Structure formats: structure tokens, C-alpha cells
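**Student:** I'd like to ask some things about the structure below.
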């Protein structure tokens, strides 16, 4: 049975830019809104508020935790929350709205289409009195069809401190001095708890997501992408050790390299990972004898022989120790075998999507699914791109606060608000800090 501090890190059950504008009611879009609401857990659509105008969408933001809302004086709604709206056929230049004292925000002349909606609220220092001086963050996110009118409700989940978290993912470029060089990839874990955790036997990998959804419909892929019982994985690795060989102290960072070598020798923009804590095992690795290997344990081994490509655009997971041979296996209709990582073993999940201010509309619009992973694991994917093609950029979890000299990272189970882009930092937690609401 897992230790107390690892159990606390399991997924929490949390039930419940600038698009062009034209002045129109878009009555047909209202039907799409109602249809999408039925397929999007956590989304509530209410009849339009006539007082707000004939072509206005109203957003109402509240906390999932009604008791905490009452303590904070937010019974009517969350004031000062930020809402981002991104219509997916547009480059990533989102509308940004802020809620009023009753938790409402409004936008008029909104083009109909499929939108990503993200809500976020962070307590300022002078608002933490009701929480005993503890900084708290709240967030939600989902995708749904929006038209020119309607009312959308967001229920912001509260941050949870948890235990081991995925703190950073760097995709290794692929555009170095050698155009096909992909081996500078690394990921990081961080002990967000106040007790020591042991990595021995834990699983690190990626599960079914948008990368494998292009050849079938959303409905055909749904049993693999939205399974509440677990994550279906094609490729994952397992940490070595017999139980207590690899401790991780509170506030400690663990770096897992694809190849633990100095990649800056290939391109100065790539990181030196020769001091990584672990590297992924593979048949074609330039093995570093001073760095322990994570053997591949999934049903697929990457043919390039360097281990899996753990890219920030994949559904990445960390799970508690497991006997892989006992896990359920299922064959997808396209012929590949997947292993299910049970929900009760999953410690952390993050996933992202490539979205750039200058990018063309995504080519996958015709089969764009509302959820690429069950909302119990992650509510909405993070933004992934390289500003100005900067090969030093990674996806990093926000720093929420500090406790006893250690940084506390933000975990709302919503990658869209939990992660930001910044310069890679293998082996340390330096950036970015969660932005205070003004």
C-alpha cells in the first residue's frame, strides 16, 4: 500500500487572439452551445440574460468549494478572475476578460465556433487573511461551442499541494546543428510535499491523446482518451530500485534526460544534461554510466532506441509503483496494444497543445475532440510553442508560494493555468512565479 504522502497526490475528484467580430445574434450557434454543454462535464449553460444585450455572451465564475467561497466572501461569484477565450481556428491571440464584483464578465459580437475557455484566480497577499495567510489559486478550463449569445458558468477548482509533480518538460528541439537531432529532451519531477518520497518502481510515460486521434472519430477513440478508470499508455518507463533506494526530499528536483550527455556540443542552445539524475534506457543510447537508467516497460519500444519522446504536447503521467505484468492490456481498433494505468495509481498528469500567435489554424479541426484526457486528470491543455523559435524554451509549472525555504508549485489539475513558458532550468525551480491578481 502506498505511503500516506504519496496517496495524497492522487487525482482529486472535482465534480461539479482576437477573433474577428461581427454584430449578429447567431441563433444557429445557440443550438451548438447547448449540444456542447451536454458533452462537457463541468460546463453549465443558462438562458441568455436579456439585460446584457442581444448579442452578448455572459460568463459567471464561482468556486467549486462553496464553503471556501463563503469564507472568502465570494458567495455571489469570484471577483477579479481572469477568463481567456481562444477560438481554435484562430492564431493564439485570446480575448482576456475580468470578472466584476459578482463574478460576471461579458463579451459582445463573438464569432461562433469551438473555443477554449480558461478561468484563473490567485489570491493577492492582502486577501489571504481568511485562509490563514496561505496563498491559494483556483482554475478551470474546457472546450465548447460558443455563439453570439448565451451564459457560461465556470467552477474554479482549488489548488492541492500534492506530492510528486511533473514540474518541467522540454522537447529537445529537433532543429539543432543536425536537423534530425531530437535527443536533448528532458522532464523534471518535484517533491511538493513536506515528507520524503521514494521513486523506486514508479512509472513515467505518456498516454493516449491527440497524437493518436487523427485516424478515427472522437467517439471511436473515447474509450481510450476519456476512461475514468485510468490512462491507456503505449509507451512508459519504470524507475529502478527496490523500494527505498531513490529518495526525493521535500523541495528536491529530479531531472530525467532522454540521453544524459552534454547536448550543447551539438547546438549551444541545447542543455547540458550530463548531470541528470536519470536517463531513459534504450538500445541506441550513448549510455552515461554515472546516471541510472529507466528501462522501457510499455507495449511499444521507440524504434530510434533512445527511449520514449516525452514531448509537452503529449499526455504525460507519473504513477505509483506497479507490477506492470498485472496491468490490463487492450488492443486499439488500429491494432496497437495499450496498458491501462489505474486511476488510483496516477500521481500527476499534464498535457499541452502547440499554439502560436503566428500559427495557422490547426489542421485537426475536423476531428477536434472536446477532451483529450478525462477531466479528472487534467481539465485543459497548456499552451506549447517557442517564442521566436527560441530553443531554450520549456513548459514549466508555476511557483505558487514558499514554505520553510522550499517553493510550493501550483496544482489545479488544469495545465492551461498551471504551466507557463520560460527558459529551461534542468535541476532547479526558478521560473515562473504565479502572477498576482491586481
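The values are calculated or read from the model by the stated rules, or taken from the named source; none is laboratory data. The structure displayed is predicted, hence computed values, not measured ones. Virtual Cβ from ideal backbone geometry, glycine too; neighbours counted across all protein chains shown.
**Student:** Is the range 126-140 home to any residue that is within 14 Å of the chain's Cα centre (by Cα), in a strand (DSSP E or B), closer than 21 Å to residue 372 by Cβ and outside the structural domain of residue 406 (by TED's automatic domain parsing)?
**Tutor:** Checking the range 126-140: at least one residue is within 14 Å of the chain's Cα centre (by Cα), in a strand (DSSP E or B), closer than 21 Å to residue 372 by Cβ and outside the structural domain of residue 406 (by TED's automatic domain parsing).
**Student:** Could you list, in sequence order, all residues of the range 230-243 that are surrounded by fewer than 14 Cβ atoms within 10 Å (Cβ to Cβ) and touching a strand residue (DSSP E or B) at 6+ places or on another chain (Cβ under 9 Å)?
**Tutor:** Answer for the range 230-243, where residues must be surrounded by fewer than 14 Cβ atoms within 10 Å (Cβ to Cβ) and touching a strand residue (DSSP E or B) at 6+ places or on another chain (Cβ under 9 Å): just 243.
**Student:** Consider residue 340 carefully, then state whether it is closer than 27 Å to residue 162 by Cα, within 20 Å of the chain's Cα centre (by Cα) and modelled with pLDDT of 95 or more.
**Tutor:** yes
**Student:** With the structure loaded, tell me whether residue 151 is assigned to a loop (DSSP other than H, G, I, E, B), at pLDDT 90 or above and either in the same structural domain as residue 265 (by TED's automatic domain parsing) or surrounded by fewer than 24 Cβ atoms within 10 Å (Cβ to Cβ) (or both) or whether it fails that test.
**Tutor:** Taking the combined requirement at face value, the residue does not satisfy it.
Yes/no per residue for (1) over 30 Å from residue 403 (Cα atoms); (2) assigned to a strand (DSSP E or B); (3) out of contact with any strand residue (DSSP E or B) (no Cβ under 7 Å at 6 or more places or on another chain); (4) modelled with pLDDT of 90 or more:
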| position | (1), (2), (3), (4) |
| --- | --- |
| 228 | yes, no, yes, yes |
| 245 | no, no, yes, yes |
| 250 | no, no, no, yes |
| 255 | no, yes, no, yes |
| 276 | no, no, no, yes |
| 286 | yes, no, yes, no |
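Conditions tested, residue by residue: (1) part of a loop (DSSP other than H, G, I, E, B); (2) under 26 Å from residue 397 (Cβ atoms).
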{"position": "269", "(1), (2)": "yes, yes"}
{"position": "279", "(1), (2)": "no, yes"}
{"position": "283", "(1), (2)": "yes, no"}
{"position": "301", "(1), (2)": "yes, no"}
{"position": "321", "(1), (2)": "yes, yes"}
{"position": "334", "(1), (2)": "yes, no"}
{"position": "357", "(1), (2)": "yes, yes"}
{"position": "371", "(1), (2)": "yes, yes"}
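**Student:** Consider residue 198 against the criteria (1) over 30 Å from residue 392 (Cβ atoms); (2) at pLDDT 90 or above; (3) surrounded by 22 or more Cβ atoms within 10 Å (Cβ to Cβ): it satisfies all of them except one. Which criterion is unmet?
**Tutor:** Evaluating residue 198 over (1) over 30 Å from residue 392 (Cβ atoms); (2) at pLDDT 90 or above; (3) surrounded by 22 or more Cβ atoms within 10 Å (Cβ to Cβ) leaves (3) as the failure.
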